[in-house]
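One structure is given below, encoded as structure tokens.
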Amino acid sequence: MSKKILIIGGAALIVLLLVVGSFSAGLLVGGEISDGETPQASASSAVSTASTILQESVEDLLQTSPPQATSTPPELEDLFAPFWQSWDLVHDLYIDQPVNEELMMQGAIKGMMDSLGDQHSSYMDPDQYRQANVDIEGSYEGIGAWVDATRDYLTIMSPMPGSPAEEAGLLPGDQVIAVDGEDMTGIDGSLVIRKVVGPAGTSVTLTIFREGESEPFDVTLKREKIIVPPLEYEMLDGDIAYIKLFTFSKKSPEDLAAALEELLSQDPVGLILDLRNNPGGDRDSAVEITSQFVDEGVIMYQEYGDGSRDTFEAVKGGLAPDIPLVVLVNEGSASGSEIVAGAVQDHQRGILVGMVSLGKGSVQRWIPLADEQGLVRVTIARWLTPNELTIHELGVVPDFEIDYTQEDFENEIDPQLEKAIDLLINP
């Protein structure tokens, strides 16, 4: 197997080394936020480059969303009678007067959002919003992990390759329950991020809760500045092309096309697209990348609460619509990765190998409240595969479910990649 790795792009991405993923994995798309991103008024360009936040769209959204009704509508007066009764009882009977009415109001909003049972629909009070928007320009150092800041605790989505997080053994799904001994229970994820990032060369201790472990444990990491390539590619033994895609940025389709052109010129017998630990990113980039392999038909649906849908179809002119294809996914594959994997599987265009993906396929919208009382984030849509399978919370199930254990990693064995190679050599 050739060990030569060709890195696309003369200017590799310098990223804020603890990035809200997603997201998750996700980006702002037309004034909406995929997978629970947090709007930040002065986030560094590195964060944007890492497919986390498109600030101009956030600002447009915040400026153009008018305040809603400021009094109880007549048709809801009976429903809200117990609320106002409780409000009066607190004012009349609570021992410590005067009460803070603003905090009571904010607590009511938070309780309303929490009652939805959706981890991605929430309330950020004014103080939290101000802290989240403190200028982080120039803060490009950290532990090197894409994270989900929308859950009860800051959650690792995937460590970046060669980062302190990867070297420390952090895994997708790890929850940060304390930072330098300070309990993070009830602290907004965007504020936890502020405690984790810091100058290169300094250390931070994270207390990690990991499913399957008997108790939480501490991990001390030395912050670094890390350069992460948008993708890597090479020719493996047996004339198999291999592409590892790290995220879905606006530039990813262009980078992938360049990699495909060079690899296909060498007449490979098959291609492996490695989306493991790829937290996703820009939805439209995911559709474009899928279109390199699926040349017609639906790629995904975006479905709203009223049952209406936006349909995203393949972009014509894909470079690799016929080459035998295997896609690698795991628990860290999310959002855009799941769009690609779901479409490839539903169109029977290729074979999926690995573990069930994370299940991040929803769209959030941040809406400012009147009188600068913070913002609410509301899930407005979910993603479906071409066969109308829900991605969110379910993930994409591979055709061959094969685990990749810590023991495999330590022994430099990759059973998922080995299975992919075998499927291409022995179809």
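The values are calculated or read from the model by the stated rules, or taken from the named source; none is laboratory data. No experiment lies behind these values; they were computed from the predicted model shown. Neighbour counts are summed over all protein chains in view; Cβ atoms, including those assigned to glycine, are modelled from backbone coordinates with ideal geometry.
Elements of the type strands (runs of 3 or more DSSP E) sitting completely within the stretch 265-376 and holding at least 3 residues that are of a type outside the set (Lys, Arg) and buried (at least 20 other Cβ atoms within 10 Å of the Cβ): these cover 270-274, 298-304, 325-329, 351-354, 362-368. Within the stretch 217-264, work out how many residues are buried (at least 16 other Cβ atoms within 10 Å of the Cβ), outside any helix (DSSP H, G or I) and of a type in the set (Asp, Glu). Final tally of qualifying residues: 3. Considered as a group, the residues in the stretch 391-412 that are of a type in the set (Val, Ile, Thr) and surrounded by 13 or more Cβ atoms within 10 Å (Cβ to Cβ) include one that is nearest to the chain's Cα centre (by Cα), and that residue is 391.
The one condition from (1) in contact with a strand residue (DSSP E or B) (Cβ under 9 Å, 6 or more places away or on another chain); (2) touching a residue at least 40 places away in the same chain (Cβ under 8 Å); (3) not hydrophobic (A, V, I, L, M, F, W, C) that residue 239 does not meet is (2). Remark: residue 289 falls outside the filter, which requires a residue to be more than 24 Å from residue 235 (Cα to Cα), touching a Ser or Thr at 6+ places or on another chain (Cβ under 7 Å) and among the β-branched types (Val, Ile, Thr). For residue 138, the conditions (1) buried (at least 21 other Cβ atoms within 10 Å of the Cβ); (2) at pLDDT below 85 are fulfilled apart from (1).
Take the residues in the stretch 197-213 that are in a strand (DSSP E or B) and not aromatic (Phe, Trp, Tyr), then tell me which one is surrounded by the most Cβ atoms within 10 Å (Cβ to Cβ). Among those residues, the one meeting the criterion is 206.
A quick yes/no check of all residues on (1) outside any helix (DSSP H, G or I); (2) surrounded by 10 or more Cβ atoms within 10 Å (Cβ to Cβ); (3) modelled with pLDDT of 90 or more; (4) among the aliphatic types (A, V, I, L, M):
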{"position": "46", "(1), (2), (3), (4)": "no, yes, no, yes"}
{"position": "52", "(1), (2), (3), (4)": "yes, yes, no, no"}
{"position": "71", "(1), (2), (3), (4)": "yes, no, no, no"}
{"position": "103", "(1), (2), (3), (4)": "no, yes, yes, yes"}
